[in-house]
Amino acid sequence: MLQSDSLIFDMDGTLWDNVNSYVISWNEGLQQRGYQKQVTRDNILGLMGKEARVMLESILPGATAGEQDLLFDAVIAEYQKLLDDMNPVIYEGVHEGLKQLSEKYPLFLLSNCEEGGLVNFMHHTRTTSFFVDYMEHGMNLKPKHHNLQLLMEKHGLKAPVYIGDTESDSAQSMMAGVPFVFVSYGFGATENYSLKFDSFNALTAYFLNQ
C-alpha cells in the first residue's frame with residue numbers, strides 16, 4: 001500500500017474535461033490575431049498537459065516567441081469570456097470525493113495551465129475550500145517537477161503523491177521524486193506509475209482506506 005501524507009492533483013483529464021471550451025478559446029484567439037487556421041478537439045487533446053510554449057510551437061510552428069505570446073494572450077482573454085457559460089464535464093465522483101479526501105489529507109492542485117486557470121476551476125466546481133494551495137505553470141513558467149518541489153518545500157510535505165493522466169505527468173513526478181498515481185479515464189496513457197485507478201470513486205476509496 002502506498003502511504004502518503006498529501007495528495008496533489010492535476011486538473012485537465014484528472015478532475016474534469018473542459019477541452020471543448022479550450023477549442024473555442026483557441027479558435028477565437030486565432031481569428032482575433034488574423035490567422036486562417038483553426039484547431040480541433042483532437043488537436044487540443046494531443047497537447048493536453050503540455051506547457052504553453054509547447055502548445056504554441058505546435059499550433060504556430062515557425063512563429064516568433066512574441067507572435068506566439070500575443071496569440072496566447074488572445075486565447076486567455078477569449079477563455080475568460082466563456083467562464084460563465086462553459087459546460088465542462090466534471091468526472092463522476094470528483095466533487096464528493098475531493099470533499100471526503102480533504103477531511104483526511106491536505107489537498108493541492110498542480111497544472112501546466114495559465115495563471116488563474118486553477119482558480120477558475122475551483123470557482124466553477126465549488127471546490128475552493130477543499131484545497132490548501134496550488135501551483136500553475138503560468139505563475140512562474142517552470143515545469144511541473146519544479147513546481148511540485150516548490151509545493152513540497154513550502155508545506156513541508158514528506159510523502160506526497162501526484163495524481164494525473166499523462167506520460168508527461170508521470171515523467172515530471174519522477175523527476176521530482178514523487179510517486180505517480182495514474183487515472184486511466186483521462187486524456188493520456190502511461191505504463192509508469194505507482195498506482196492506477198479507472199475511476200475517481202476507486203481512487204477516493206483507496207486513499208480513504210489507507
| Out of (1) modelled with pLDDT under 95; (2) at positive phi, what's the single condition that is false for LEU82? | (2)
| field | Where ASP165 falls short, out of the listed (1) touching a Ser or Thr at 6+ places or on another chain (Cβ under 6 Å); (2) farther than 19 Å from LEU2 by Cα; (3) surrounded by 18 or more Cβ atoms within 10 Å (Cβ to Cβ) | value | (2)
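Can you tell me which residue among LEU150, LEU141, LEU82 is surrounded by 15 or more Cβ atoms within 10 Å (Cβ to Cβ) and more than 15 Å from SER21 (Cβ to Cβ)?
LEU150
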| said: Could you go through segment 193-205 and let me know if any residue there is modelled with pLDDT of 95 or more, within 17 Å of the chain's Cα centre (by Cα) and within 23 Å of ALA52 (Cα to Cα). | reply: no
| Is it true that GLU57 is surrounded by fewer than 17 Cβ atoms within 10 Å (Cβ to Cβ), at pLDDT 95 or above, in the same structural domain as HIS137 (by TED's automatic domain parsing) and not polar (S, T, N, Q)? | no
| message | So, ASN18, is that one under 24 Å from ASN201 (Cβ atoms) and among the polar types (S, T, N, Q) or not? | response | yes
| request: Being under 19 Å from VAL181 (Cα atoms), surrounded by 14 or more Cβ atoms within 10 Å (Cβ to Cβ) and over 16 Å from the mean Cα position of the chain (by Cα) narrows it down to one of SER111, SER102, so name that one. | output: SER102
| message | For segment 1-38, which positions are over 27 Å from LEU98 (Cα atoms) and outside any helix (DSSP H, G or I)? | response | ARG33, GLY34, TYR35, GLN36, LYS37, GLN38
| request: Any chance you could count how many residues in segment 103-135 are closer than 22 Å to ALA159 by Cα and of a type in the set (Val, Ile, Thr)? | output: 1
| Considering segment 170-185 alone, what residues qualify as being over 19 Å from LYS158 (Cα atoms) and either among the acidic types (Asp, Glu) or surrounded by 22 or more Cβ atoms within 10 Å (Cβ to Cβ) (or both)? | PHE182, VAL183
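The values are calculated or read from the model by the stated rules, or taken from the named source; none is laboratory data. None of these values were measured; they are calculated from a predicted model. Cβ atoms come from the backbone with ideal geometry, glycine included; neighbour counts cover every protein chain shown.
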